[in-house]
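K.L.:
Dropping a structure here in structure tokens format, bear with me for questions.
Read-outs throughout are calculated quantities, based only on the coordinates presented, and are distinct from any laboratory measurement. Predicted model only: the values in this text are computed from it and were never measured. All Cβ positions, even for glycine, are placed from backbone atoms using ideal geometry, and neighbour counts span all protein chains on display.
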Amino acid sequence: MDPDETPPAAGEVAPPVAERTGNRALVAATAGALVVVALLLASSRDLETELVLLGAGAAQVAPFVLLAWAAYLAEEARPLRYLTALLLLGIVGGLVLVSLLFGVVAVVPLEAFETGALPPELGPTAFALLAVGSLFGLASFAGFLSPVRRGLARFLPLDPTSFVHAVALVLVLALCLVPLVPLLVNDAPPLLSPNLLGGDGFGQSPGELARAQAYSLLFIIFASFLVVGLFVRRNFAQAVERLAFVRPTARQVFFALGMAVLLVAAFGLLDRAIAVVWHALGWPVTDEAAYRQLFAGMLTPVGAITAAVSAGVGEELAVRGVLQPVFGLVLPSLLFAALHAWQYSWDGLLSVFLAGLAFAWIRRRTNTTTSAITHGVYDLVLFGMLAAGQAI
């Protein structure tokens, strides 16, 4: 039941979700978000920087919302499919260029671009990054091929006749493949490169980092509702049901807390086992010291809580809430791992993939809110262990 609805009297039956709109809940949530943004802006000592953080949060999600709405509208207006395909091509091309940029800067110091003293290895590295990225980007458009969708529909809840699902499949494949390019070409995650890793981790103060995470979370929450068709295909109550972003029961909360503790213990052992195998095979592992430096701004109480809530709620809504009902457990978990390829080597990505499968199982067994609590508490414990100087 929506929290803004009056409970039915004795003997009455609550209206089905299809007959409810949840408009009052939507208005209340929007008003609450605006109040939070207003408070953050009012409390900022540097309004210009605050507006940049706010704009960055919006820019993260705007292309995906526009793409989703264009795809929904194109279901009825076929000429819009060409415009949607062009927008999708632009987003995938943007992913390729961002991977190229991070891959190049990870091996060539920024000072070299300022002085013009570019090393000879820049050309081959840039060519490899662009070539592999372009190949992966083009390969993702196989999602538009009917045989591919029909084949996947044998195992996934995917509708092979849906244009919306075809667009989503292309984007999911691109997000599974393109972020891996710098790691494939350079054999190291770009964000852990000395060229990109400053003394303050992300280059922001803990306060700025926490505020950036807060803005990002707000936009991801609203974007998740818009991406599943709020205002275009579903009302708010239907979008809540689609995302399974519901109020958890007390039992589900305790289940989430218990699973978080269990996963921390299990992955503590699993990560050590993976490291043993990687060392035995002579493969590079994630640089623990560089990883700590990257997340230095999150190793304060406020930073850790904000980052854990942002990752738990934001990532679970986007991956398990939006994608899992269409693409099942494995493909969204592969995407979840690929999105961490800028900060982990292959050993870390394997661990993230397995953790994603665990969160996906929790989402299937309960709801997205329960998996978000598990994910958030799990990350909070890990950040606490990092702050305490323990290996994770």
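K.L.:
In nm, what is the difference between 0.36 nm times the number of residues separating residue 232 and residue 361 and their Cα-Cα distance?
P.N.:
Roughly 43.5 nm would be gained on extension.
K.L.:
What Kirkwood radius, in Å to one decimal, follows from the Cα pairs of segment 327-392?
P.N.:
One over the average 1/r among Cα pairs gives 12.6 Å for segment 327-392.
K.L.:
I'd like the distance between the alpha-carbon centres of segment 323-392 and segment 239-254, rounded to an integer number of Å.
P.N.:
If we compute the Cα centre of each part, the gap is 18 Å.
K.L.:
If you look at just the Cα atoms of the chain, how large are its Rg and its Dmax in Å?
P.N.:
My reading of the Cα-based Rg and Dmax gives 21.8, 80 Å.
K.L.:
Work out, step by step, the length gained on full extension between residue 302 and residue 139: first 0.36 nm times the residue separation, then minus their alpha carbon distance; give nm to one decimal. Mind dumping the intermediate values first?
P.N.:
Details: separation 163, 0.36 × 163 = 58.68 nm, distance 4.15 nm.
Stretched out fully, the residue 302 to residue 139 stretch lengthens by 54.5 nm.
K.L.:
Which value in nm describes the separation of the simple spin-label points at residue 146 and residue 277, placed 7 Å from the Cα toward the beta carbon?
P.N.:
That separation, rounded to one decimal, is 4.1 nm.
K.L.:
Label-point separation (nm) for residue 114 and residue 261, each offset 7 Å from Cα along Cα-to-Cβ?
P.N.:
5.1
K.L.:
Calculated FRET efficiency, residue 388 and residue 159, Cβ-Cβ r, R0 51 Å, to nearest 0.05? Mind showing how you got there, number by number?
P.N.:
Numbers: r = 48 Å, r/R0 = 0.93.
Here the calculated transfer efficiency is 0.60.
K.L.:
Hey, another quick one. How much of the calculated P(r) for segment 20-67 lies past 18 Å, in percent of all Cα pairs?
P.N.:
Distances greater than 18 Å cover 50 percent of the Cα pairs.
K.L.:
Using 0.36 nm per residue, how much length does the chain from residue 24 to residue 289 gain when fully extended, once their Cα-Cα distance is taken away?
P.N.:
Numbers: separation 265, 0.36 × 265 = 95.40 nm, distance 4.83 nm.
Result: 90.6 nm gained on full extension.
K.L.:
Treat the count of other C-beta atoms within 10 Å as a stand-in for reagent exposure and order 298, 385 from fewest to most.
P.N.:
385, 298
K.L.:
Okay, next question. Over segment 262-392, what is the relative contact order in percent, taking alpha-carbon pairs closer than 8 angstrom and at least six residues apart?
P.N.:
37
K.L.:
Okay, moving on. Scattering from the C-alpha atoms of segment 96-212 alone, worked out with Debye: what is log10 I(q)/I(0) at q = 0.11, 0.20 1/Å?
P.N.:
-0.53, -1.00
K.L.:
Please turn the phi angles of segment 76-84 into ³J(HN,Hα) values with the Karplus equation 6.51 cos²θ - 1.76 cosθ + 1.60 (θ = phi - 60°), one per residue in order, whole Hz, x for glycine and proline.
P.N.:
3J(HN,Hα) across segment 76-84, in whole Hz: 9, 10, 4, x, 5, 5, 5, 5, 5.
K.L.:
Can I ask one more? With viscosity set to 0.692 mPa s and temperature to 37 °C, compute the Stokes-Einstein D of segment 177-333, Rh being the Kirkwood radius across alpha carbon pairs; µm²/s, no decimals. Intermediate values should be presented prior to the final figure.
P.N.:
Details: Rh = 18.5 Å.
Once the numbers are plugged in, D ends up at 178 µm²/s.
K.L.:
Could you please rank 146, 224, placing first whichever residue has the fewest other Cβ atoms within 10 Å of its Cβ?
P.N.:
Values: 146 10, 224 26.
Sorted ascending by nearby Cβ count, the order is 146, 224.
K.L.:
On to the next question. Would you please name the chymotrypsin sites (Phe, Trp or Tyr not before Pro) within segment 204-260 that are DSSP coil residues with at most 13 other C-beta atoms within 10 Å of their C-beta?
P.N.:
Within segment 204-260, the qualifying chymotrypsin sites (Phe, Trp or Tyr not before Pro) (loop, at most 13 other Cβ atoms within 10 Å) are 231.
K.L.:
Take every Cα pair under 8 Å in the chain that's 6+ residues apart, average their separations, divide by the length, and report that relative contact order as a whole percent.
P.N.:
Relative contact order for the chain comes out at 21 percent.
K.L.:
Kindly state, to the nearest 0.05, the FRET efficiency for residue 39 paired with residue 127, given R0 = 51 Å and r defined as their beta-carbon distance.
P.N.:
In this case the efficiency is close to 0.60.
K.L.:
Label segment 261-391 by shape, choosing from rounded, prolate and oblate, from the square roots a ≥ b ≥ c of the eigenvalues of the Cα gyration tensor; if a/c is under 1.5 it is rounded, and otherwise prolate applies when a/b is larger than b/c, oblate when it is not.
P.N.:
Here segment 261-391 falls in the oblate category.
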